[in-house]
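This report refers to the structure that appears directly beneath it.
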């Protein structure tokens, strides 16, 4: 990263460092929840294998917690997707040029590259590292 701007892959698109930090923070939250889910699943399996009534009863609460965590992960990914789309739209709008109509009024012309989706996927994969 150079200064406060992260230069994107290939086409020179730039993302603000704050946006990248937000993505990274969300991915850390997701990973923390997934790690917690792994522990919950292990405990649920152990309780199930023990066949002890108290352990089996405890699984009800653990499964509820697991379901809640899964909902949280889905919400975080939905927020990430929305944030990523907004940042890409803002970046695209910043790159777009203006044209003049015959009546002298300005209109924006959006420039879209064919590799935009590839760039987004590459960016997403980069953030997952």
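The values are calculated or read from the model by the stated rules, or taken from the named source; none is laboratory data. Since this is a predicted model, take the numbers as computed values, not measurements. All Cβ positions, even for glycine, are placed from backbone atoms using ideal geometry, and neighbour counts span all protein chains on display.
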Residue ID - nearest to the chain's Cα centre (by Cα), chosen from residues in segment 57-88 that are more than 28 Å from residue 24 (Cα to Cα) and exposed (fewer than 13 other Cβ atoms within 10 Å of the Cβ): 61
Conditions (1) in contact with a helix residue (DSSP H, G or I) (Cβ under 7 Å, 6 or more places away or on another chain); (2) at pLDDT 95 or above; number of the one not met by residue 53: (1)
